[in-house]
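Below you'll find the structure, written out as structure tokens, and then a few comments.
The values are calculated or read from the model by the stated rules, or taken from the named source; none is laboratory data. Note that this is a predicted model, so its numbers are computed, not measured. Counting neighbours? That spans all protein chains shown, and the Cβs are built from the backbone with ideal geometry, glycine included. Surface areas here come from the heavy atoms of the whole protein model, side chains and all, with no ligands, DNA or RNA. Shrake-Rupley method; radii C 1.70, N 1.55, O 1.52, S 1.80 Å.
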Amino acid sequence: MHNSQTDGGLRQFNLFNDMRMAWVQHVYWTRMLLISIAERLKDLNEVTARLMRNPKDIADIFAGYYGPVAAGAIERLLTEHLQIGADLITALRDGRTADAENLKTKWYANADKMAAAFNSINPYYGLDELRNMLYTHLDLTTQEVAMRLAGNYAEDIKAFDRVEQEAVSMMADYFSFGILRQFI
């Protein structure tokens, strides 16, 4: 038996499930990239290619609600986020402090652009909330990178646990609730 309440509940479930899965994939493949860069693994090209599918996966969720133009902007900004992050990890690994500082500045500027883009499509996405959430994500990821590069693997794993928790319970759910409030 189908009714609008059941269909609405299924749409909500699918939204939260899809959003959480996309952000889980984001942090896991970012983690694998971090390890590949830090440890100079031979799988770097393949891991990078897989990670770079993630911006489209996330953008596709938003496309169903906001259309291809907004989704394209989200995809471009997330791709830039990942490219800057990879360059930053490499600069830190190689001891290029000045480059790392410049890349970190670009990374946070990209977060500002992402916050503005999300804020522009949904009245329930507060600009300051988005910025704080994205900055927290970058701060936690920076801690994870620092611990990995220092060879402090126990703290590296703890830092990753915080990244994962923040991405799923904060970011993914924040985006889902905003869509839910606006459309469902």
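Quick notes
- The number of residues in segment 1-50 being part of a loop (DSSP other than H, G, I, E, B) and at pLDDT below 95 comes to 3.
- Residue in segment 155-174 that is part of a loop (DSSP other than H, G, I, E, B), touching a helix residue (DSSP H, G or I) at 6+ places or on another chain (Cβ under 8 Å), surrounded by fewer than 16 Cβ atoms within 10 Å (Cβ to Cβ) and not polar (S, T, N, Q) present: no
- For segment 48-70, a residue qualifies if it is open to solvent by less than 10 Å² (accessible area, probe 1.4 Å) and of a type in the set (A, V, I, L, M), and the qualifying residues are Leu51, Ile58, Ala59.
- Output for segment 112-130, where each listed residue is open to solvent by 60 Å² or more (accessible area, probe 1.4 Å) and not in a helix (DSSP H, G or I): Pro123, Tyr124
- Residue check for Met133: under 24 Å from Arg20 (Cβ atoms) and open to solvent by less than 30 Å² (accessible area, probe 1.4 Å): yes
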